[in-house]
Amino acid sequence: MARPVLALLTDFGIQDHYVAAMKGVILGICPDAAIVDITHDVPPQDIATGALELDAVIDYFPIGAVFVCVVDPGVGTSRRGIAVAAGDRLFVGPDNGLLSRSWQRDPGARVVEITNHQFTLGTVSRTFEGRDRFAPAAAWLATGIALERLGAAVADPLTLHSPVPQIDLAAASIAGAVVRVDRFGNLVTNIDSPTLAQVAAPYVVRVGAAQIDGIGQTYADVRHGALCALVGSTGHLEIAVSGGSAAAILGVGRQAPVHVRGRSAA
Amino acid sequence: MARPVLALLTDFGIQDHYVAAMKGVILGICPDAAIVDITHDVPPQDIATGALELDAVIDYFPIGAVFVCVVDPGVGTSRRGIAVAAGDRLFVGPDNGLLSRSWQRDPGARVVEITNHQFTLGTVSRTFEGRDRFAPAAAWLATGIALERLGAAVADPLTLHSPVPQIDLAAASIAGAVVRVDRFGNLVTNIDSPTLAQVAAPYVVRVGAAQIDGIGQTYADVRHGALCALVGSTGHLEIAVSGGSAAAILGVGRQAPVHVRGRSAA
Amino acid sequence: MARPVLALLTDFGIQDHYVAAMKGVILGICPDAAIVDITHDVPPQDIATGALELDAVIDYFPIGAVFVCVVDPGVGTSRRGIAVAAGDRLFVGPDNGLLSRSWQRDPGARVVEITNHQFTLGTVSRTFEGRDRFAPAAAWLATGIALERLGAAVADPLTLHSPVPQIDLAAASIAGAVVRVDRFGNLVTNIDSPTLAQVAAPYVVRVGAAQIDGIGQTYADVRHGALCALVGSTGHLEIAVSGGSAAAILGVGRQAPVHVRGRSAA
């Protein structure tokens with residue numbers, strides 16, 4: 001068996017010891033694990049952002065990778081802890097929508113509730129299930145135990161429905177939104193390539209007070225300091241400033257409306 | 001032998017290359033090491049916070065884990081560098097109190113000074129012993145060399161005495177303090193469960209201008225935005241705000257007094 | 001073969017999933033890799049700082065280590081992607097000067113352009129070559145493929161010429177600059193030990209409004225809160241404040257001039 005890969009995504013930050021406690025638990029159960037941080041800087045309790053960041057990396061991890069994700073406002077309550085097998089990878093976390101892209105991507109996904117105490121720590125803190133329930137369950141999955149040993153099947157995991165862009169084919173226009181602002185100040189939207197393809201170039205993109213003509217290929221397509229629109233590395237329309245921050249220059253952030261107008265694709 | 005685990009705790013931050021230099025040195029000596037970051041965001045030169053964060057994770061790491069800890073205002077001076085075997089784990093760092101919980105937990109702990117140049121880099125920088133002395137000594141320990149090969153026994157390592165809560169049994173009251181504010185703004189105190197158990201419920205907790213009735217179980221026990229008190233994941237009393245930051249809402253931080261009043265436990 | 005070590009340096013930050021996507025790709029190709037973060041907090045698109053941080057760690061990594069470095073304002077343009085074998089280590093990144101210290105250190109360095117699609121992902125995003133070109137190429141090198149299989153030799157890689165200190169032997173003076181401010185507020189200069197040795201002690205160091213007499217050995221050489229000058233862990237002159245931040249106290253930062261006056265070394 002290839003070396004097990006565990007990837008962690010939380011809103012714990014890196015100033016405290018919380019992530020390290022999870023890694024210590026993982027290495028105690030699965031000493032060969034390669035542990036990767038996806039990010040721990042999800043804004044506190046922001047499930048939607050966590051789901052989006054997870055979705056962006058899944059396909060780049062090896063088959064068999066186990067994703068442990070904890071953005072968990074309901075920690076310690078009766079909300080379930082779940083494990084998912086989907087798309088040849090595994091996912092562990094709270095049943096609050098954070099993992100829902102995994103079964104949205106794979107109709108054959110299997111979901112179970114994590115209840116078998118054999119695969120959690122002896123005592124499960126009601127304030128830190130990441131350490132006591134999710135990390136050990138994920139580590140056991142990484143060692144090769146079957147998903148179904150963790151607990152009973154869950155038929156109705158909570159699914160997060162992200163806002164989808166509205167397409168008006170008659171007007172050849174798409175109404176979406178900024179869903180993520182990255183470190184460079186790039187504004188990443190929820191408008192993906194297939195959606196864009198429903199209207200035809202030439203495109204005009206509007207966000208905040210700005211209007212951008214055309215959708216380019218690289219950040220450096222325009223002169224330094226100029227705005228550009230392009231399809232970024234996750235396959236979504238982005239608004240960027242060459243060598244600068246679009247978020248700062250436009251003064252817009254998450255949830256800002258983004259409009260694309262093209263020609264009818266017919 | 002299981003795969004060696006080395007866990008790093010420093011105040012170096014992650015913007016500079018310092019932590020990476022230590023990891024490069026470790027992998028040169030112990031290529032199989034699993035290296036885990038506990039945190040590198042200990043406030044600069046804040047030994048007490050470093051000791052607290054270390055204490056919170058020790059038990060969650062596998063037997064045999066080596067902890068390399070560097071919060072070291074006296075770097076390059078005559079303060080000693082030490083290595084400790086305690087509780088089936090190993091600890092390396094400056095002799096300034098940072099590691100003292102290791103021998104406070106284990107009366108059978110052995111402490112040595114790191115002087116054997118065979119287990120340090122050839123030249124030891126007087127401004128970066130983390131890289132040149134502590135990382136290599138820890139990596140050699142992880143490969144299995146005996147503690148005593150690093151240097152002579154130390155009988156009097158510097159012990160850090162953290163402030164302990166004052167208990168007044170007659171008044172059924174406990175006077176403690178906030179010792180840590182985490183990423184979520186939770187106020188973690190120095191009042192642990194056994195201390196709490198010396199007075200009986202119902203409890204009243206006071207911190208800043210706030211009074212909280214009762215000690216709950218989870219952050220979600222109260223309505224969104226409300227204050228709560230609970231015993232957190234390290235076994236200490238915490239004051240939190242459901243879905244918010246207690247530190248921000250109460251305007252209090254480290255060292256703020258916290259009072260608990262209960263009934264006599266007799 | 002020893003376990004492959006891959007060290008990553010980028011300006012991607014750690015809030016987004018970008019670094020994790022690179023690591024997922026690496027582990028898919030080279031499952032045994034030990035992956036180390038040098039830093040991801042290089043200021044956005046600041047090639048010079050990235051080159052400096054890389055230079056500071058190279059020698060501390062094992063022979064055979066592969067450095068993947070991405071600070072890449074020209075991503076997606078016709079600027080080349082290169083791989084370098086130098087000093088028994090390997091380097092992968094954009095041909096924009098970021099890696100130039102590798103061949104400046106080793107006259108026998110070999111440089112190739114990364115063009116062989118066999119060693120990149122199937123599709124290379126024009127906004128994220130770190131994930132699609134540099135990470136896979138580096139991972140393949142780590143598995144042991146020959147440098148030359150990646151593409152044709154490059155005779156003229158872009159070399160970054162860092163500003164060097166000006167030495168006036170007649171006046172026994174050196175004019176340099178602050179090139180890095182670290183987490184502690186230490187001001188690291190471009191004046192290294194061999195340069196210092198061209199004039200003789202006693203030294204007087206000037207930076208901002210401050211004058212410091214003598215060059216010490218440790219941060220703790222002076223009383224708490226006092227300024228000191230010393231040769232730091234990378235072998236360069238630093239200005240520091242014992243227990244404080246020289247940057248904050250002097251109000252100076254990168255590019256601030258630093259003057260050293262000594263006696264003639266003759």
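Looking only at the stretch A:105-118, residues that are farther than 21 Å from A:ALA51 by Cα and open to solvent by less than 60 Å² (accessible area, probe 1.4 Å) come to 1 in all. When the stretch A:228-266 is filtered for residues that are of a type in the set (S, T, N, Q) and either touching a helix residue (DSSP H, G or I) at 6+ places or on another chain (Cβ under 8 Å) or within 22 Å of C:GLN45 (Cα to Cα) (or both), the ones remaining, listed by number, are A:SER233, A:THR234, A:SER242, A:SER245.
For the stretch C:43-66, the candidate set comprises residues that are buried (at least 23 other Cβ atoms within 10 Å of the Cβ) and part of a loop (DSSP other than H, G, I, E, B); within that set, the residue that is nearest to the other protein chains (Cβ to nearest Cβ) is C:PHE61. Against the criterion of being in a strand (DSSP E or B) and open to solvent by less than 30 Å² (accessible area, probe 1.4 Å), C:PHE12 does not qualify. Only one entry of B:GLY97, B:GLY74 meets the criterion of being touching a helix residue (DSSP H, G or I) at 6+ places or on another chain (Cβ under 6 Å), surrounded by fewer than 23 Cβ atoms within 10 Å (Cβ to Cβ) and either within 18 Å of B:ALA33 (Cβ to Cβ) or within 14 Å of chain C (Cβ to nearest Cβ) (or both), and that entry is B:GLY74. Name the residue that is farthest from C:ASP11 (Cα to Cα), counting only residues in the stretch B:14-26 that are within 7 Å of chain C (Cβ to nearest Cβ) and in contact (Cβ under 8 Å) with a residue 12 or more places away in the chain. Only one residue tops the list, namely B:VAL25.
Among the residues of the stretch A:89-109, those identified as over 16 Å from A:GLY74 (Cα atoms) and part of a loop (DSSP other than H, G, I, E, B) are A:ASP106, A:PRO107, A:GLY108, A:ALA109. Here B:GLU148 passes the criteria (1) touching a Cys at 6+ places or on another chain (Cβ under 8 Å); (2) at pLDDT 95 or above except the one numbered (1). Evaluated against (1) part of a helix (DSSP H, G or I); (2) under 14 Å from the mean Cα position of the chain (by Cα), C:GLY28 falls short on exactly one condition, (2).
Residues to consider are A:CYS30, A:CYS69; find the one that is open to solvent by less than 10 Å² (accessible area, probe 1.4 Å), in contact with a Ser or Thr (Cβ under 6 Å, 6 or more places away or on another chain) and not hydroxyl-bearing (Ser, Thr, Tyr).
A:CYS30
Residues in the stretch C:213-258 that are of a type in the set (S, T, N, Q) and facing another protein chain (nearest Cβ under 9 Å): C:GLN217, C:THR218, C:SER233, C:THR234, C:SER242, C:SER245. Filtered by the rule that a residue be under 21 Å from C:VAL25 (Cα atoms), in a loop (DSSP other than H, G, I, E, B) and touching a Pro at 6+ places or on another chain (Cβ under 9 Å), the stretch A:31-42 gives A:ASP32, A:ALA33.
Of the strands (runs of 3 or more DSSP E) lying entirely inside the stretch B:119-197, those carrying at least 3 residues that are surrounded by 16 or more Cβ atoms within 10 Å (Cβ to Cβ) are B:173-181, B:187-192. Assess whether C:ARG223 counts as being open to solvent by 50 Å² or more (accessible area, probe 1.4 Å), part of a loop (DSSP other than H, G, I, E, B) and within 20 Å of C:THR49 (Cβ to Cβ). In short, no.
Touching a Phe, Trp or Tyr at 6+ places or on another chain (Cβ under 6 Å), surrounded by fewer than 24 Cβ atoms within 10 Å (Cβ to Cβ) and away from chain B (no Cβ under 13 Å): does that describe A:ALA2? The answer is no for A:ALA2. As for the stretch A:36-59, it holds no residue that is over 23 Å from C:HIS40 (Cβ atoms) and touching a helix residue (DSSP H, G or I) at 6+ places or on another chain (Cβ under 7 Å). For C:VAL75, the conditions (1) more than 26 Å from A:ASP221 (Cα to Cα); (2) of a type in the set (A, V, I, L, M, F, W, C); (3) in contact with a Gly (Cβ under 9 Å, 6 or more places away or on another chain) all hold with the exception of (1).
Scanning the stretch A:33-42 for residues that are open to solvent by 40 Å² or more (accessible area, probe 1.4 Å) and facing another protein chain (nearest Cβ under 7 Å) turns up A:ASP37, A:ASP41. For the residues B:VAL204, B:VAL260, the requirement of being surrounded by fewer than 20 Cβ atoms within 10 Å (Cβ to Cβ), hydrophobic (A, V, I, L, M, F, W, C) and either at pLDDT 95 or above or under 11 Å from B:THR189 (Cα atoms) (or both) singles out B:VAL204. Among the residues of the stretch A:226-242, those identified as open to solvent by less than 40 Å² (accessible area, probe 1.4 Å) and not in a strand (DSSP E or B) are A:ALA226, A:GLY232, A:SER233, A:GLY235, A:SER242.
The values are calculated or read from the model by the stated rules, or taken from the named source; none is laboratory data. Here the structure is a predicted model, which means the values were calculated and not measured. No Cβ is skipped: glycine too gets one built from the backbone with ideal geometry, and neighbour counts run over all protein chains shown. Only protein heavy atoms, including side chains, enter the accessible area calculation; ligands, DNA and RNA are left aside. Shrake-Rupley method; radii C 1.70, N 1.55, O 1.52, S 1.80 Å.
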